[in-house]
Structures are given as structure tokens and as C-alpha cells.
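Participant: Quick one: the structure is below, and I'll ask about it shortly.
The values are calculated or read from the model by the stated rules, or taken from the named source; none is laboratory data. Predicted model, so just to flag it, every value in this text is computed and none were measured. Glycine also receives a Cβ, built like all others from the backbone with ideal geometry; neighbour counts cover every protein chain displayed. For the accessible areas, the whole protein counts, side chains as well, though only heavy atoms, and no ligand, DNA or RNA atoms are used. Shrake-Rupley method; radii C 1.70, N 1.55, O 1.52, S 1.80 Å.
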Amino acid sequence: VRLVESGGGSVQAGDSMRLSCAASGQSFITYSMAWFRQAPGKEREFVAAITWTGGTTYYTDSVRGRFTISRDNAKDTVYLQMNSLKPEDTAVYYCAADSSLIAVMRATPSHWGQGTQVTVSA
């Protein structure tokens, strides 16, 4: 499956932004999806994940309550709504997909997007 992220850019602290990840090539509905991010000089870290039904979501502690992951299986798209953005949220954000929820949350998914830059200024 091919994943293409969009929606990144530059904002100020406290602003909101929504990232999108459009999937194509295979049956999107069977995949668990996740967002990861990688800041300069740091390792890629898990941000959020969602099961294929959309019924269960997971978040890393630093974004819980501020970010919301969702999906529209009719559009083969997963979203990451980011509110109350902080400078420490600055990173390249990657979309990931796998039929295994465990694989997608452990940063070993079968498919990665190319990433989209999010920059938050103080």
C-alpha cells in the first residue's frame, strides 16, 4: 500500500493543524494505522495509532488530550488533528500501516509514508 501524507507546515505555539494520510494500492480497511514523528537529532517516536475499525485509539503521553487520530475508510484516509501545538511538537510526521496493530505501534510496519514537516514556533 502507498501512503502519502499532507497538511504539514509552519504554525505558532497554540495553533492547530490537521495532517492527512491517503492510502492506495491495497485494502485500506484491513490495516491498523499510526502516526510517528522524528525531530532533528532524535529517534523516530510513536505518536498515535488506530485500529482498522477505528474503534480503539492509542496515544503517547505527550500528545494525549491534544492530538486526535481518526480514519475515514470510505476515503482510505487517516487523520491526525493536532491542537495546542508546542515547539516540541516540531518534527517530520510519518504515517504507517500494517495489518498487525502490534507491528504498527512498534515502528515495524510494512508500509511508511514519505513524511511531512511540522514546525511550531514559540
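Participant: Considering region 47-63 alone, what residues qualify as being open to solvent by 10 Å² or more (accessible area, probe 1.4 Å) and either within 17 Å of ALA13 (Cα to Cα) or hydroxyl-bearing (Ser, Thr, Tyr) (or both)?
Facilitator: THR51, THR53, THR56, THR57, TYR58, TYR59, THR60, SER62
Participant: Between a first residue in region 23-43 that is under 19 Å from ARG64 (Cβ atoms) and a second residue that is basic (Lys, Arg) and open to solvent by 70 Å² or more (accessible area, probe 1.4 Å), which pairs have beta carbons less than 8 Å apart while being 6 or more apart in sequence or on different chains?
Facilitator: Filtered contacts from region 23-43: PHE36/ARG44; ARG37/ARG44.
Participant: So which pairs qualify, if the first residue must be in region 105-122 and aromatic (Phe, Trp, Tyr), the second must be outside any loop (DSSP other than H, G, I, E, B), the Cβ gap must be under 7 Å, and the two must be at least 6 apart or on different chains?
Facilitator: If the second residue must be outside any loop (DSSP other than H, G, I, E, B), the pairs left are TRP112/LEU3; TRP112/TYR94; TRP112/ALA96.
Participant: I need a count of the residues in region 89-121 that are within 14 Å of the chain's Cα centre (by Cα), of a type in the set (Val, Ile, Thr) and either in a loop (DSSP other than H, G, I, E, B) or surrounded by fewer than 16 Cβ atoms within 10 Å (Cβ to Cβ) (or both).
Facilitator: 1
Participant: Here is a further query. Which residues, counting only those in region 46-70, are outside any loop (DSSP other than H, G, I, E, B), in contact with a Ser or Thr (Cβ under 7 Å, 6 or more places away or on another chain) and either more than 16 Å from SER16 (Cβ to Cβ) or in contact (Cβ under 8 Å) with a residue 60 or more places away in the chain (or both)?
Facilitator: PHE46, ALA49, ILE50
Participant: Shifting gears a bit: Report yes if ASP15 is farther than 15 Å from VAL118 by Cβ, surrounded by fewer than 22 Cβ atoms within 10 Å (Cβ to Cβ) and of a type outside the set (Lys, Arg), otherwise no.
Facilitator: No.
Participant: Looking at LYS86, LYS75 in this structure, which one is open to solvent by 50 Å² or more (accessible area, probe 1.4 Å), out of contact with any strand residue (DSSP E or B) (no Cβ under 7 Å at 6 or more places or on another chain) and of a type in the set (D, E, K, R)?
Facilitator: LYS75
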